[in-house]
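This report concerns only the one structure given below.
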Amino acid sequence: MKLSEEAQREESRSLYDQALSAYAARDFAAADRYLQALQALTGGRSLPSLLLSAYLARDRGQPLSEIRLLQQAIELYEGDAHVPLRLLATAWSLLGAALSYLGESAMASAAFRKAARLEPNRDQKLVECSNAIFTTNAVEGLTAEEMQGLYREYRGLLADVSPWPRRWYDHRRLRIGYLSGDFGFHPVAYFAYALLRYFQPEIFQVYCYAVNQHEDLLTERLKRLPVIWRDTRTKDWAEAAAAIREDEIDILVDLSGHTAGNCLPVFAYQPATVQLSGIGYFATTGLSAVDYFLTDETTALPGEEAFFTEQLLRLPHSHLCYTPLDAPLRPVTPPPFQQAGHVTFGSLNQFDKVTEEVLSAWGEILRRIPAARLFLKGSVFDDVTQRNRIDQRLIDSGLPLDRVDREGYTADYYAAYDRIDIALDSYPYPGGGTTCDALYRGVPVVTRYGRHHHQRF
């Protein structure tokens, strides 16, 4: 019996939701079965089937195929009154993520903004807006006014939140709370560890609010520190804020900013007496309820206040304290050029940070030093399609492929630094943890710095 159009749309949505659940559970065989059923139902052409095909292309590491599918979906179904807005928003969001992965940050930010405007769910709108803000940091030349416009959009999504009045406590020890979902093998933990380990317990009482935390061996190690640990398993930001307020926190520190899985909406409720951000993110939160941003005199030049909504707290030295928590102790080895007979430059930064300008600079370095080689490493090189695309970018930038070594993922990440004489940083979005990792392994880093905080950290 042929289904009515409405019944077919309902069945299509049901198959899509089941396939998406299977995909989220990493059951790709089941996801593929639901996709085939969906394609049979719709004649192979529908927005849900295109979205599922894009998800599977992403999992296979095929961003170019994913982008083509998403562009087709948007072209066919944007403006269709029968299409749920959440599905169109998903298409734009997936497109933003794929473009960001390829280093197309300006287009990615625009796609995320489109997703935020279409998305009917407020919490997901906040996620998409954060995505847009984060990717915009990799775009060179944006003014303070342009950035502040994005922050206004984000604040507008929280306009219905009424901040609680500030409470001033008289605790014997000052209560400091750190809020993050990244208390594990994540760069945040490498820069926050010293704060959780080396405080003066007679003066401070430290709380860790692990929000929707994926736990690993490092999480277990952090839990054994002299802190009060709170597992906050909720996506209800008002509930999370209420739990923090109940602990009577004097100073609440955001360690995520606009990165993935952030908890910024909690700060809009103003659960703590004083609220600040820093360490886990390199730019403003854009929230008026966050009072301060921790930085230093080198990173935040005079006038940087125009790019922040918080008051800048400038330390006279670096505000970043790096602890190599999982780096194995290795014997000091001679620089690789002594054995190779030539200098090897290298970059282990995420390749979406590598712009055409950076590639051109690397090409000029190799041109001026004819015997030198370049070593690039990252999971992006594991996929043939992406590797071919990057190879073409290298050629277009004047980099001779026969002098560029490309390597995909390997378990022993730190061993790669033993192959590099001089590390080259990305710009305008520099490396953070990768820079510290290189220095820890004794590899000097050449970087280019700009005038703004996120270009200098």
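Under 5 Å from the amide H of THR309 lie the amide H atoms of THR285, GLY286, each residue being 5 or more positions distant or on a separate chain, with H modelled from the backbone and absent for Pro and chain starts. Note on GLU202/GLN311: beta-carbon distance plugged into 1/(1 + (r/R0)^6) with R0 of 30 Å gives a FRET efficiency of 0.60.
Spin-label model, GLU220 to SER288: label points 7 Å out along the Cα-to-beta-carbon direction sit 4.7 nm apart. Each of ASN349, VAL380, ILE365 was scored by the projection of its Cα onto the charge dipole of the range 336-386, and the greatest displacement toward the positive side belongs to ILE365; charges sit on the C-beta of Lys, Arg, Asp and Glu.
Multiply the residue separation of THR447 and ARG403 by 0.36 nm, subtract the distance between their alpha-carbon atoms, and state the gained length in nm to one decimal.
Length gained between THR447 and ARG403: 13.7 nm.
Please give the FRET efficiency for ARG45 paired with SER360, using the beta carbon to beta carbon distance and R0 = 25 Å, rounded to the nearest 0.05. Between ARG45 and SER360 the formula returns 0.05.
Sorted on the mean count of surrounding Cβ atoms within 10 Å across their residues, most packed first, peptides 254-264, 165-175, 225-235, 207-217 read 254-264, 207-217, 225-235, 165-175. In this simple spin-label approximation, ARG172 and ASP236 carry label points 7 Å from Cα along the Cα→Cβ vector, and these lie 3.4 nm apart.
Distance between the C-alpha centres of the range 86-137 and the range 7-78: 19 Å, rounded to the whole angstrom. Sorted from longest to shortest, the spans of the Cα atoms of the chain along the three principal axes equal 73, 66, 43 Å. You can think of it this way: the chain between ARG387 and VAL274 has 35.9 nm of extra reach, that is 0.36 nm per residue less the Cα-Cα gap.
For the range 2-83, the relative contact order comes to 22 percent (Cα pairs under 8 Å, sequence separation of at least 6). Placing unit charges on the Cβ atoms only, positive for Lys and Arg and negative for Asp and Glu, gives the chain a dipole magnitude near 440 debye about its Cα centre. For the set LYS114/LYS235; LYS114/LYS353; LYS125/LYS235, every pair lies no more than 25 angstrom apart at their alpha carbons. In the range 226-315, taking the dipole from charged Cβ atoms about the Cα centre, the farthest positive-side position among LEU255, TRP237, ALA306 is held by TRP237. Of the two radii for the range 306-356, the radius of gyration is 1.13 times the Kirkwood radius, both from the alpha carbons; that is the Rg over Rh value. At an R0 of 60 angstrom, the distance between the Cβ atoms of ALA106 and GLU246 translates into a FRET efficiency of 0.90. About the centre of its Cα atoms, the range 37-184 shows a dipole size close to 640 debye [charges on the beta carbon of Lys, Arg (+1) and Asp, Glu (-1) only; nearest 20 debye].
When peptides 106-115, 435-444 are ranked by their average number of other Cβ atoms within 10 Å per residue, the highest-first order is 106-115, 435-444. Per-atom-type breakdown for the chain gives carbon and sulfur 54% of the accessible area (1.4 Å probe, protein chains only).
Just the accessible area per residue of the chain, please: how many Å² with a 1.4 Å probe?
47 Å²
In the range 1-146, the alpha-carbon atoms span a convex hull of 115 Å³ per residue. Could you please state, rounded to a whole Å, how far the C-alpha centre of the range 363-419 is from the C-alpha centre of the range 211-267? Their Cα centres are 38 Å away from one another. Computed extension gain for LEU325 through ALA37, at 0.36 nm per residue and net of the alpha carbon distance, reaches 99.0 nm.
For the pair PHE337 and SER379, how long in nm is the line joining their label points, each one 7 Å along Cα→Cβ? According to this spin-label approximation, the distance is 3.3 nm. Going by a ≥ b ≥ c, the root eigenvalues of the Cα gyration tensor, does the range 330-457 fall in the rounded group (a/c under 1.5), the prolate group (a/b larger than b/c) or the oblate group? It comes out rounded by the Cα gyration axes.
Think of each Lys and Arg Cβ as +1 and each Asp and Glu Cβ as -1; about the Cα centre, that makes the dipole of the range 301-457 roughly 360 debye.
The values are calculated or read from the model by the stated rules, or taken from the named source; none is laboratory data. None of these values were measured; they are calculated from a predicted model. In this analysis, Cβ positions are derived from the backbone assuming ideal geometry, glycine residues included, and neighbour counts consider all displayed protein chains. Surface accessibility is based on the protein's heavy atoms, side chains included, excluding ligands, DNA and RNA. Shrake-Rupley method; radii C 1.70, N 1.55, O 1.52, S 1.80 Å.
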